[in-house]
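What follows is a set of notes on a single structure, which appears directly below.
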Amino acid sequence: MKKLYFGSNLKMYKTIKETTDYLTSLADLTGDISREEMELFIIPSYTSLERACAFVDQHLIRLGAQNMCWEEQGQFTGEISPLMLQEAGVKLVMIGHSERRHVFRETDEEENKKVNCALEHGFTALLCIGETAEDKKYAAGPEVLRMQLKKGLFGIDAAGADRIWVAYEPVWSIGVNGTPATADYAERMHQEIKRCLRELFPETGEQIPVLYGGSVNPGNAKELIVQPSIDGLFVGRAAWQADKFNELIRSAKKAAGR
Ligand code: PGA
């Protein structure tokens, strides 16, 4: 039975105490769900990470960083090094979130350097990709996704691919002004992504989990998770209260027959 993935990026929300309260409560609420069949992960702010790692059993909730520099040290003011994240106890690094690409102008080349660096340092790398509203208007979504995958995962070998997760998050679907993708549309894009991953990694590409994100909510979580090419849900706003996230996870699992 394939594993389902549920995770949330807390963005620039929650203080250290709010984060540890949230994680404690999420771990309690979801403690009875087998981690053999579900991977649960949370990506808090940098300042919360060390405390969160000390507080939470990462077998229950894997903790991740929202970004990472491609160098171990140097003249990179404001950046966080892979060594610093290892020291904090983080296991997962998110790379190329839509807000990094579009607000902070990160490029595919930079995401690629970060993915390679994350894998070299033993992290799982969650690469986020997604087309803009304009790409979609010209029906260029699949080409854009392929390009982001081919550039973002350039130079990664089959062994490295074991520690890659992909989140498909269409830019137009994210945040307060976003419109969620329909389940049909998301499934078609996930099929494209999986096809491209199989081309890039003929032996292991099929195993790479591909999660959908962008305005996931209690109303659409069930129809999204039952799509054959959607392996999990990457949730923003609808996950930031532990009880609400727990309910969303349980109803999605039930819809998926778990
Ligand atoms: P949202 O955020 O669910 O609030 O749209 C998703 C994301 O940015 O990952």
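No lab work stands behind these numbers, since they all come straight from the coordinates. Owing to the predicted nature of the structure, the values given are computational and were not obtained by experimental measurement. Neighbour counts are summed over all protein chains in view; Cβ atoms, including those assigned to glycine, are modelled from backbone coordinates with ideal geometry.
Once you have the alpha carbon radius of gyration of the chain, what is it after dividing by 2.2 N^0.38 Å, with N set to its residue count?
Numbers: Rg = 17.0 Å, N = 258, 2.2 N^0.38 = 18.1 Å.
For the chain, the normalised Cα radius of gyration is 0.93.
Is it possible to state the helix-based mean residue ellipticity at 222 nm for the chain, with each DSSP H run of 4+ residues giving -39500 (n - 2.57), the sum divided by total residues, to the nearest 500 deg cm²/dmol? What is it?
Details: 11 runs with 108 residues, N = 258.
When only DSSP H runs of four or more count, the value is -12000 deg cm²/dmol.
Using the scaling law 2.2 N^0.38 Å as the reference, what is the normalised Cα Rg of segment 133-258?
On the way: Rg = 14.8 Å, N = 126, 2.2 N^0.38 = 13.8 Å.
The value comes to 1.07.
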Cα-centred dipole magnitude for the chain, charges only on beta-carbon of K, R (+1) and D, E (-1), debye, nearest 20: 580
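Around Thr20, with a cut-off of 10 angstrom between Cβ atoms, what is the net charge of the other residues, counting Lys and Arg +1 and Asp and Glu -1? Display every interim value, and only then the final one.
Numbers: positive: Lys14, Lys17, Arg51; negative: Glu18, Asp21.
So the environment of Thr20 carries a net charge of +1.
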Semi-axes of segment 1-90 from the Cα gyration tensor (sqrt of 5 times each eigenvalue, largest first, whole Å) come to 25, 15, 11
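The chain: longest stretch without exposed GluC sites (Glu not before Pro) (DSSP loop, at most 11 other Cβ within 10 Å), sites themselves excluded? The partial results should precede the final answer.
Details: sites that count: Glu36, Glu203.
The answer is 37-202.
Which of Lys114/Lys150; Lys114/Lys137; Lys137/Lys194 have a Cα-Cα distance over 20 Å?
Exceeds cut-off: Lys114/Lys137; Lys137/Lys194.
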Note down the nm distance, to one decimal, between modelled labels 7 Å out along Cα→Cβ at Lys150 and at Gln86. 3.3
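From the C-alpha coordinates alone, can you work out the Kirkwood hydrodynamic radius of segment 73-199, in Å?
Values: mean 1/r = 0.0649 Å⁻¹.
Answer for segment 73-199: a Kirkwood hydrodynamic radius of 15.4 Å.
In percent, what relative contact order does segment 94-216 have, based on Cα pairs under 8 Å that are 6 or more apart in sequence?
Numbers: 185 pairs, mean separation 33.2, N = 123.
Worked out over segment 94-216, it gives 27 percent.
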